[in-house]
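Student: I have a structure here, written as structure tokens, and I will follow up with some questions on it.
Values in this text are rule-based calculations from the coordinates and carry no lab data. Only a predicted model underlies this, so the values are computations on that prediction, with no experimental measurement involved. Don't worry about glycine lacking a Cβ; one is built from the backbone with ideal geometry, like all the others, and counts go over all protein chains shown.
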Amino acid sequence: MPAARVVSVARRSPAQRGGIRVGDELLRIDGRAPRDVIEYQQLIDAEDPEVEVRRGHEQLNLPIRKLAGEPFGIEVSSALFDRVRTCDNHCEFCFIHQLPKGMRRSLYMKDDDYRLSFLYGNFTTLTRFTELDLERILTERLSPLFVSIHSTDPQLRAHMLRNARGATSLRWLRALLDGGIEVHGQIVVCPGVNDGAALEATLAGIADEYAEIATVACVPLGISRHTTEPDLRNHSERDAQDVVDLVEEWQGLFLSTSGRRLVYAADEYYLLASRPFPAASVYEGFPQHENGIGMARAFEEAFRGDAAAAFGVKRGFFSWVDGAPPEGYRARRSSPSNVGRGTATCVVTGEYGARVLEPLLAQDRFASEVRLLCVRNSFFGGNIAVTGLLTGVDISRALEDEPRDHRYLLPDVCLSEGKFLDGMTVADLPRRVEVVPTDGMSLRRKLEEPQADGGLVVLPARDTATSAEAGAALGMPR
Ligand code: SF4
């Protein structure tokens, strides 16, 4: 079995005292080979474990002196030490199928692994789930998990996943709920496929069969210009209005029967439908924030000073994959980059991000001090407009025409391990940029930082109104 490699060892930690070095391969702990970081954590939590490592051609047994529960002090190269379980579906809406050729190999990885669901919030369809997986999840209480539902109609679900097992694999959802596991669900709504009456039937099916599910997110289909699926189409404004109406109707039903709203429409639907985002309280704690549910509202709240709403990006960078990015084709095309070009601080963002930030900044004390550089996503094209899918090449193109002596802020949602999706880094950009955590509070703090050249003058605060037309967060990681 492949082993995890140690990538860092904390100074004065039990690992360092016990002789663990960067580059060692972690083979066994107390005689057991951990399959993933979950097992590793359980094993290494023991008192005085014996750790077996491979170092070059040598195999070493290292007795470690530590207390039970004391941090060991290493970082490993991968969350899964054995193979990632890959997906055997062929969904027509899969965004990985819509990636251009020639990107990093890891970006084409289609995982369907419950461990990545637990660790990073990736959605799993459960089509490769087994009895052993269930046993482990229940025994080790691996909760919460994230499950792609799409439809509760067996035939329609199998059709959407292009996998016969899609018709039956939701039985595992039932088993997880029976076992007391917290599950969050997702429906990728594809116009003409599982919207309208089919979506209503799915919500009714959830109420009937999976009522204990924690939340269900309805997210719109995203289409890149590299799609090879001729039958996929974008949501129209009317489609989006229908989804919002249906979701809000079912929120009322769930609220009256179970005291919680359960189902939510993604932020993009409110944008497309030209509807105001619901109040923050409607999101009941933002449990699917990183799936684009309430992200814009949370960003606004955090920007205005509510620390509890400053979620930032916590989950895996590709956690949006089942949902695929939302629609940007209706994003306002007049670029906010033309606004206030003389101001010295500039926030780089995607088309959706600009639609949230523009009214937010305009109503704030930064109105005359900060401008936006709205970057169009030409790399993916289609309806892709979220900041999280901006690539280095598009940002470079936008920055090339910008003044050299200005300050550029870039949300960290664009980067994964320091790289854009196209492999570029911020060092490759033609202007120096400062990377900012993707939440409203971090952006505000960054804007309030005094600049050496006094470039940003902070004016007295004034009252701000709710930006009903705000479109999407600074960076949606989907
Ligand atoms: S959308 Fe998800 S489940 Fe479907 S093919 Fe892609 S990776 Fe697999």
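Student: So if I place +1 on the C-beta of Lys and Arg and -1 on the C-beta of Asp and Glu, and nothing else carries charge, what would the dipole magnitude of the range 155-293 be about its Cα centre? I want it in debye, nearest 20.
Tutor: Working: 11 positive and 19 negative charges, 82 e Å.
Value, rounded to 20: 400 debye.
Student: What translational D, rounded to a whole number of µm²/s, comes out for the range 115-198 from Stokes-Einstein when the hydrodynamic radius is the Kirkwood one over Cα pairs, at 4 °C and 1.567 mPa s? Present the calculation step by step, with values, prior to reporting the outcome.
Tutor: Numbers: Rh = 13.2 Å.
For the chosen part, D equals 98 µm²/s.
Student: Return the long-range amide H neighbours of LEU27 (sequence gap of 5 or more, or a different chain), with a cut-off of under 5 Å between placed amide H atoms.
Tutor: Those qualifying (amide H under 5 Å, at least 5 residues apart or on another chain) are GLU52, VAL53, ARG54.
Student: Using amide H atoms built 1.01 Å from N in the peptide plane, name the residues 5+ places from LEU409, or on other chains, whose amide H lies under 5 Å from its own.
Tutor: Hits under the 5 Å cutoff: CYS346, VAL347, VAL348, GLU434.
Student: Let me know the Kirkwood hydrodynamic radius for the range 51-183, please, with Cα pairs as the basis and the value in Å to one decimal.
Tutor: Value: 17.4 Å, from the Cα pair sum.
Student: Follow-up. Give me a comma-separated list of calculated 3J(HN,Hα) values for the range 260-273, in order, Karplus coefficients 6.51, -1.76, 1.60 applied at θ = phi - 60°, integers in Hz, x for any Gly or Pro.
Tutor: Running phi through 6.51 cos²θ - 1.76 cosθ + 1.60 with θ = phi - 60° gives 9, 7, 6, 10, 9, 9, 5, 3, 4, 5, 5, 5, 5, 7 Hz.
Student: Also, quick follow-up: Sequence gap at least 6, Cα distance under 8 Å: using those rules, report the relative contact order of the chain to the nearest whole percent.
Tutor: Values: 1000 pairs, mean separation 60.7, N = 478.
It comes to 13 percent, rounded to a whole number.
Student: Here's something else I'd like to know. Using Stokes-Einstein with the Kirkwood hydrodynamic radius over Cα pairs, what translational diffusion coefficient do you get for the chain at 4 °C and a viscosity of 1.567 mPa s, in µm²/s rounded to a whole number? Each step should come with its number before you reach the end.
Tutor: Details: Rh = 23.8 Å.
D = 54 µm²/s.
Student: Taking +1 at the Cβ of each Lys and Arg and -1 at the Cβ of each Asp and Glu, which of ALA10, ALA204, CYS87 sits farthest along the dipole of the chain towards its positive end, judged by Cα position relative to the Cα centre?
Tutor: ALA10
Student: Where does each of 249-257, 433-441 land if you order them by average Cβ count within 10 Å, highest first?
Tutor: On the way: 249-257: 14.8, 433-441: 21.1.
Going from most to least packed, we get 433-441, 249-257.
Student: Quick check: the distance between the Cα centres of the range 373-392 and the range 226-277, to the nearest angstrom?
Tutor: That distance is 23 Å.
Student: Hey, got the dipole for the chain? About the Cα centre, +1 on K and R Cβ, -1 on D and E Cβ, debye to the nearest 20?
Tutor: Details: 56 positive and 68 negative charges, 257 e Å.
Rounded to the nearest 20 debye, it is 1240 debye.
Student: Identify unpaired cysteines across the chain, taking unpaired to mean no other cysteine Cβ lies under 4.7 Å from the residue's Cβ.
Tutor: CYS87, CYS190, CYS218, CYS346, CYS374, CYS414
Student: Only helical DSSP H runs with n ≥ 4 go in: add -39500 (n - 2.57) per run for the chain, normalise by residue count and round the 222 nm mean residue ellipticity to 500 deg cm²/dmol. Before the final figure, lay out each step's value.
Tutor: Numbers: 13 runs with 127 residues, N = 478.
It lands at -7500 deg cm²/dmol.
Student: Work out the charge dipole of the chain with +1 on the Cβ of Lys and Arg and -1 on the Cβ of Asp and Glu about the Cα centre, then indicate which of GLY392, LEU447, GLN363 is farthest towards its positive end.
Tutor: Towards the positive end, the residue furthest out is GLY392.
Student: Using the Cα centre of the range 65-196 as the reference point, and only Cβ charges (+1 on K/R, -1 on D/E), how large is the resulting charge dipole? Debye, rounded to the nearest 20.
Tutor: On the way: 17 positive and 16 negative charges, 82 e Å.
In total the dipole reaches around 400 debye.
Student: What aspartates and glutamates does LYS110 reach when the alpha-carbon gap must be under 20 Å and sequence neighbours fewer than 8 apart in one chain are set aside?
Tutor: Within the straight-line limit of under 20 Å, LYS110 reaches these aspartates and glutamates: ASP36, ASP82, ASP88, GLU92, ASP133, GLU229, GLU290, ASP322, GLU417, ASP422.
Student: Antiparallel versus total DSSP beta bridges in the chain: what percent is that, nearest 5?
Tutor: Working: 19 of 45 bridges.
Counting DSSP beta bridges with both partners in the chain, the antiparallel share is about 40 percent.
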